[in-house]
Amino acid sequence: QQPVQSPQAVILREGEDAVINCSSSKALYSVHWYRQKHGEAPVFLMILLKGGEQKGHEKISASFNEKKQQSSLYLTASQLSYSGTYFCGTEMFNGNNDMRFGAGTRLTVKP
Amino acid sequence: DTAVSQTPKYLVTQMGNDKSIKCEQNLGHDTMYWYKQDSKKFLKIMFSYNNKELIINETVPNRFSPKSPDKAHLNLHINSLELGDSAVYFCASKGGLEQYFGPGTRLTVT
């Protein structure tokens, strides 16, 4: 029931771009993206809803392909502060409050 | 003001002991959760409560018992602690679409 994330890890230089993918075998209502830094709690980045638009947050944006039940997180012109583990969380129904998380993608941005 | 708070932040205890973790949210949310994050960083849902009612109870040993005295609080009591219970436990709350995590409680069982 939990989504599958890829890749497991990414190493970038500052200024480079990255894409993190999240896919589900079940129909989804929503996809949530979080970033977790070492020793801290996951922090909410954005949510994409079925039938909704692509979202953006600074230089981080995401899309949701309902036909494929896939979401992608795009990080452009990466900064050192983008380092952390990115998780996608998915819900199958509106209001069922059952959020399942992928295994995470560890992103490291180097100077 | 902290939106979702947990106490304690660190908990070190011996096998066989009983311990509790407390969670409070001041966001007015109806739904609260407990997640376990193991050493591989996998976030696994344990329980979900909506307005003090248990909604989700994943395959969790019955040594774990959640209690929600009101919709702002969700506590987790663990009996007969085992080495495998060592992990970071996150409380979260959800109102509308967005879900917010507490700072986590790092439990170490020796």
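The values are calculated or read from the model by the stated rules, or taken from the named source; none is laboratory data. What you are looking at is a predicted structure, and each value in this text was computed from that prediction instead of being measured. So basically every Cβ, Gly included, is an ideal-geometry build from the backbone, and we count neighbours across all protein chains shown. Side chains included, ligands, DNA and RNA excluded: accessible areas come from the protein's heavy atoms. Shrake-Rupley method; radii C 1.70, N 1.55, O 1.52, S 1.80 Å.
Please specify each residue of region A:14-48 satisfying the condition of being open to solvent by 50 Å² or more (accessible area, probe 1.4 Å), touching a strand residue (DSSP E or B) at 6+ places or on another chain (Cβ under 7 Å) and without any contact (Cβ under 8 Å) to a residue 40 or more places away in the chain. The one that is open to solvent by 50 Å² or more (accessible area, probe 1.4 Å), touching a strand residue (DSSP E or B) at 6+ places or on another chain (Cβ under 7 Å) and without any contact (Cβ under 8 Å) to a residue 40 or more places away in the chain: A:V43. The residues of region B:25-36 that are open to solvent by 10 Å² or more (accessible area, probe 1.4 Å) and within 12 Å of B:F90 (Cα to Cα) amount to a single one, B:K36.
Among A:F101, A:F93, which is the only one that is modelled with pLDDT under 85, out of contact with any Lys or Arg (no Cβ under 6 Å at 6 or more places or on another chain), closer than 21 Å to B:Y100 by Cβ and among the hydrophobic types (A, V, I, L, M, F, W, C)?
Working: A:F101 fails: modelled with pLDDT under 85.
Answer to the selection: A:F93.
May I ask you to verify whether A:A9 is open to solvent by 50 Å² or more (accessible area, probe 1.4 Å), at pLDDT 90 or above and among the small types (G, A, S)?
In short, yes.
From the list B:K22, B:K52, B:K40, exactly one residue is within 12 Å of another protein chain (Cβ to nearest Cβ), open to solvent by 20 Å² or more (accessible area, probe 1.4 Å) and either more than 23 Å from A:Q1 (Cα to Cα) or not acidic (D, E) (or both). Which is it?
Working: B:K22 fails: within 12 Å of another protein chain (Cβ to nearest Cβ); B:K52 fails: within 12 Å of another protein chain (Cβ to nearest Cβ).
Exactly one residue qualifies, and that residue is B:K40.
Scanning region A:63-89 for residues that are within 14 Å of A:M46 (Cβ to Cβ) and polar (S, T, N, Q), which turns out surrounded by the fewest Cβ atoms within 10 Å (Cβ to Cβ)? Per the criteria, the residue is A:S63.
Counting only strands (runs of 3 or more DSSP E) that sit wholly inside region A:10-111, those with at least 1 residues that are within 14 Å of another protein chain (Cβ to nearest Cβ) and farther than 24 Å from B:G95 by Cα are A:84-91, A:105-110.
Scanning region B:1-60 for residues that are on the phi > 0 side of the Ramachandran plot and either at pLDDT 95 or above or small (G, A, S) (or both) returns B:G16, B:G28. Got at least one residue in region A:54-66 being out of contact with any Asp or Glu (no Cβ under 7 Å at 6 or more places or on another chain) and within 14 Å of B:E98 (Cβ to Cβ)? Looking for residues that are out of contact with any Asp or Glu (no Cβ under 7 Å at 6 or more places or on another chain) and within 14 Å of B:E98 (Cβ to Cβ), one finds at least one in region A:54-66, hence yes.
Picking from residues in region B:57-107 that are open to solvent by 40 Å² or more (accessible area, probe 1.4 Å), in contact (Cβ under 8 Å) with a residue 12 or more places away in the chain and within 14 Å of chain A (Cβ to nearest Cβ), the one that is nearest to B:M46 (Cα to Cα) is B:E58.
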